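Computed from the coordinates by the stated procedures, all read-outs in this text should not be read as laboratory data. Please read all numbers here as calculations on a predicted model, not as lab measurements. Because the Cβ atoms are built from the backbone with ideal geometry, glycine has one as well, and the counts that use them run over all protein chains shown.
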């Protein structure tokens, strides 16, 4: 079904913009656009960091150096406030997550039709430019954090301490009979609690970015002479959303890894 002018209908237009450039089928489908934009932005972030590092001048800092120093101080403050203990990995990890997720989210601020139109000239007919609006990316990020949570739980508590967390948390009991009776409930509750961490992190980021992407697509359906006002208002508001979502993901990562570094005695 097409519009009277011969162009795609509203439904076709939305479906087109929400279809990834992919290869493969089923479980083995690879979303090339998501992968390439995510990797490209990671390379851009690494290049910018290296450029600042190679030209570091404490006496005459450049604009980019000033910005990164302020940003690093902000991240360092969050780590000090939310992370109990010391781990040299947490600061760089928090910085990388915030900056990378922010850049991926910020792709949503590009004009909806610009890059898809540009690549259509060379025969690419589907393109989604916001990696975090694809569920694969947020869940992959959250899954990586979950792996670190498990790693540090075992490293700090020991394997037996990690197993005890499932057996005796959240409901502790005084005598052995009560402990045995509560073990199945504790295993179920703790498993749900641990799995909820990465799932909620990933779904929160995906939901907000997918909704933002969809609203931009809906605005693009309006006549061109109407688009500017609602598009500008939503873009300004969306800047807050993309920043907040990157911050929340970073902060939850710090908090969950801080909990993983606690011994069983500290948790109780």
I'd like to check something: does segment 56-64 contain any residue that is closer than 30 Å to residue 233 by Cβ, over 21 Å from the mean Cα position of the chain (by Cα) and either in a helix (DSSP H, G or I) or in contact (Cβ under 8 Å) with a residue 24 or more places away in the chain (or both)? yes
Quick one: residue 47 ticks every box in (1) surrounded by 14 or more Cβ atoms within 10 Å (Cβ to Cβ); (2) part of a helix (DSSP H, G or I) bar one, so which box is it? (1)
